[in-house]
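A quick write-up on the structure given underneath.
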Amino acid sequence: MRQTTLFTKTQKEAPADEVAKNAQLLIRAGYIYKNMAGAYSFLPLGLRVIENINRIIREEMDAIGGQEVHMPSLQDPELWKKTDRWSDAHVDVWFKSQLQAGGEVGFGWTHEEVVTELMRRFVSSYKDLPLFVYQIQNKFRNEVRAKSGIMRTREFWMKDLYSFCATQEAHDAFHEACADAYMKIFDRLGFGAQTYKTFASGGAFSKVSHEFQTLAEAGEDIVYVSEEKGVAVNEEVLAEADLTELGVTKDELEKRKSIEVGNIFSLGTKFSEALGLHFKDEHGENQPVIMGSYGIGPARAMGTIVDLLSDEKGIVWPASVAPYQVHLVGLNGNDAEIRDYTDGIYSALRKRGVSVLYDDRDARPGEKFADSDLLGMPYRVVVSKRTKEEGMFEVVERSMGETMALTEEALYAKFSNQDT
C-alpha cells in the first residue's frame, strides 16, 4: 500500500468528545472513524488489524476442534421467549424493530438460543457429541452509555463459541481447553502476561463464569489479584468466592483496574432443556445436552493493545496484528532518482512476501517520522540519498526504539524471515 493512494489521513488532534486513549489514537492515525456514539467505521488499516486478530482467534479455536459457522443477526422473539430472555424486564440490552409485514424482531446480542435450536437438527445420539461451533459476527447491545472508545460499543464484533457435550467430564475438559486456548490468543496478541483467568458472575448467562481480565489503568472493571499466585477475583463476587479453594487469602489480593477481554460460561442444561435439545445415551435414554458459551471481542482486544502498548509518540503494534510489518519511509521525494530507487526497494520487499506500507508522499522528513510513530508499524525502514550512497538502510524497531544499519541484502534477509 502506497500512502499516496490511502484515502485516510493522520490528524494532530482527536475529536474533543473522545476521552479513551484507544479511540483518540486510532482516530488520529486513521484506523477508525466515529460515526456516532457507540458505532465506529473500521478503515483500511484498522480492518487489517481486526482481520489479523480474527485470524489468530480462528487458528486457536480450530486447534481445539471448533467449527466456524455464521448465524443471523435478526432474532425471532418466539425462540427467546422460551428461555425468558426476550422481555426487556429481564434483559435490558435488546435492540428491537417492527416488521413491515407485522410482528417484531430483535438484533442478536448473543446466540445461545439460535445455536441450540440449530443443533436440534444435527444432534440425536451421544455419538454426535461433543460438538464445538463458533462464529465471528456483529452483535448489538443497547448500552445506556457507550464509552471507553472501541471497548464498549453498541455494535461490535464478537467471537462466540458454543460447546455441546454428553457428560460433565467432557464439558469440563473442553472448558479448560478453551481457557488454555484463550491464554494462547492473548499471548499472541501481546498482552497475555497481564491477563488473568478471573472468577466472576455469569449475569444473564449462568450463575458463575470465568472472565479473562487484563490489568490496565484504562480498565472499567475492578479485580482483586495475586500476581504471585496468578489468581484473580472480580470485585462483584469477592464476598461470595471461596478463597481457600482458590488457594489465596484476602490479604494476598491487590485491588486493580482491568479490561475484560474474554469470558467463558458453563451453561449446564439451561438452554437445552428450555429448547428441547436432547440426545439418546448408551442406554437409549433421552438426556439434555450440557452446554458452554465462550466469548472474545476482537475490537475490544484491539483497543486493549492500543491502551496497553502505545507510548507518547503513538500506537505500537505487535508484529502478530500490525496492518503492515514494515513502514517504508522514502525521503528526498522530489528527487526522481531516489524516488525510483525507493520504489525498487518497495517492489523487492513485496516480492519477498513482506507486507509494506510505503510512505511515498511529498512531505517533510519530520512529518513522515511523526506519522510513522503514530501509525505504529513494527519496523520503519528509511530510504534517502544518503542511504543509497552508503548502501546502508536505517531500520527502527518501533517497540524498542532501537536503530539498526542494514545492507540491502541484510534488509531482505531480515524481513523475508519475519513470522507475519
Output for Cβ contacts, cut-off 7 Å, separation at least six or different chains, first residue farther than 18 Å from L45 by Cα and of a type in the set (G, A, S) in region 348-376, second buried (at least 16 other Cβ atoms within 10 Å of the Cβ) and at pLDDT below 95, reads A348/Y412
Criterion (closer than 30 Å to Y31 by Cβ and out of contact with any helix residue (DSSP H, G or I) (no Cβ under 7 Å at 6 or more places or on another chain)) met by exactly one of H171, H111: H111
Considering only strands (runs of 3 or more DSSP E) wholly within region 363-418, the ones with at least 1 residues that are under 31 Å from the mean Cα position of the chain (by Cα) and surrounded by fewer than 15 Cβ atoms within 10 Å (Cβ to Cβ) are 392-397, 402-407
Would you mention how many residues in region 17-41 are touching a residue at least 60 places away in the same chain (Cβ under 8 Å), assigned to a strand (DSSP E or B) and of a type outside the set (A, V, I, L, M)? 1
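Which of the following residues is within 25 Å of the chain's Cα centre (by Cα), of a type outside the set (A, V, I, L, M, F, W, C) and in the same structural domain as M158 (by TED's automatic domain parsing): H283, H278, H210? Spell out how you get there, then give the answer.
Values: H283 fails: within 25 Å of the chain's Cα centre (by Cα); H278 fails: within 25 Å of the chain's Cα centre (by Cα).
The unique qualifying residue is H210.
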From the residues in region 240-265 that are polar (S, T, N, Q) and not in a loop (DSSP other than H, G, I, E, B), which one is nearest to F132 (Cα to Cα)? N263
The one condition in (1) of a type in the set (A, V, I, L, M, F, W, C); (2) at pLDDT below 95; (3) closer than 17 Å to A319 by Cα; (4) buried (at least 17 other Cβ atoms within 10 Å of the Cβ) that V356 fails to fulfil: (2)
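The values are calculated or read from the model by the stated rules, or taken from the named source; none is laboratory data. Remember, predicted model here, so these are calculated numbers, not experimental data. Using ideal geometry, Cβ is built from the backbone for each residue, glycine included, and neighbour counts are taken over all protein chains shown.
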